[in-house]
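The structure under discussion appears below in the form of structure tokens.
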Amino acid sequence: MLIKTKSGTEIPSSEITPEHIYHSRRKFMVGAAGAAASTLLAACAPSSSSPIPEATEQPAATAAQAATSAPAATAKVVQISANEDELGDAVNSFEDITNYNNYYEFTTDKTGVASLAKNYPTSPWQVVVDGLVKNKRIYDMDDLRSRFDQEERIYRLRCVEAWSMVIPWMGFPLSKILNEVEPLPEAKYVRFETVYDPEQMPGQKSRWFNWPYVEGLRLDEAMHDLTLMSTGLYGRDLLPQNGAPLRLVVPWKYGFKSIKSIVKIELVDKMPTSLWMTSAPNEYGFYANVNPNVDHPRWSQGTERRIGELGRRKTLMFNGYEEQVASLYSGLDLKSNY
Ligand SMILES: Nc1nc2c(c(=O)[nH]1)N[C@H]1C(S)=C(S)[C@@H](COP(=O)(O)O)O[C@H]1N2
Ligand SMILES: [Mo]
């Protein structure tokens, strides 16, 4: 690929710092920079309503609940280092990101998650990292925040339901945890588990799903620098609806891989079975790489609706991260390994 410089000359992208890395690796000072540098972005985004009926992840038989409207998030002052991603796509508003969510532990209604999750207690919180590792560990959140620098990563999030957003996450690469616990040679996959708390998570009383929510990655995917453990967005700690206090973000895969509110990370030798593989194995596979050429059995994956935009845009191979991740899948048939 050739990259145009400001002077108009073209240079091979291999000879310069990839723009993605330039944009996404800026270390971000949380709080300290103060209000002077903060950007007022949240209050003026277009509404996310669309006349196009949305696809839905749920098994076809599950009836969606009636939409209710959530109160708008109150915090307006937000702080990020750039308001677009490396492709020039605008970041979504704080309002959209915190009021249009998939979090089936609370409800299958995307606009109802924020109010139902609002008071979910996310502190204190511990994360167990065990399985096939040399050093088993239990981290608490303060521990994770102080051990690993928080950086900002502006990533596209592409839901398998064919809508998308651009989100300025805060967090640190998952590889930092993995390097600390030291996977044993037999470890081939990483399995993640969300908290199980049906008393406070009404959706977990639904027997449609095999709770708790589980997801998995191959170890090399988990070690990839793009794979993020997120603790915040827009320069603030995550709100419950976005998976506080700790969630995974894998930007080249469909959103359902990015599991929320993680309490357990386990290194294993066999491919983990995710909640979605149990619910609808013919629709949601283990890999779940964003791929416009492999349709969902019930809808096309060729285009998507960017929240806040009218019309649709083309879905990009690996959600636009092809250069960084395609080599992970050389020799793998992406149609059967969906
Ligand atoms: N535990 C858990 N994690 C989850 C989900 C969920 O229902 N439960 N939904 C997934 C789906 S389908 C998407 S698209 C993203 C949405 O993340 P967001 O609400 O922060 O945008 O979270 C993913 N992680
Ligand atoms: Mo999703």
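Bear in mind these aren't lab numbers, they're just calculated from the coordinates by the rules spelled out. Everything numeric here is computed off the predicted structure, so don't read it as measured data. Glycine also receives a Cβ, built like all others from the backbone with ideal geometry; neighbour counts cover every protein chain displayed.
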Expected sort for 228-239, 317-328 on mean C-beta neighbours within 10 Å, highest first, is 228-239, 317-328
Here the relative contact order (percent) of the stretch 89-139, from C-alpha pairs under 8 Å and at least 6 apart, is 20 percent
Report the calculated FRET efficiency for E322 and E199 (r = Cβ-Cβ distance, R0 = 45 Å), to the nearest 0.05.
0.55
Distance-filtered residues of the stretch 112-138 - backbone nitrogen under 19 Å, label point 7 angstrom along L184 Cα→Cβ:
128-138
I need the shape label for the stretch 172-324. Rule: rounded when a/c is under 1.5, else prolate if a/b > b/c, else oblate, with a, b, c from the alpha carbon gyration tensor.
rounded
Quick check on packing: order 107-116, 247-256 by the mean number of other C-beta atoms within 10 Å, highest mean leading.
247-256, 107-116
Contour minus end-to-end for R312 and K134, with contour as 0.36 nm per residue of separation and end-to-end as the Cα-Cα distance?
59.3 nm
Under the rule a/c < 1.5 gives rounded, and otherwise a/b versus b/c splits prolate from oblate, where does the stretch 147-211 land using the Cα gyration tensor?
oblate
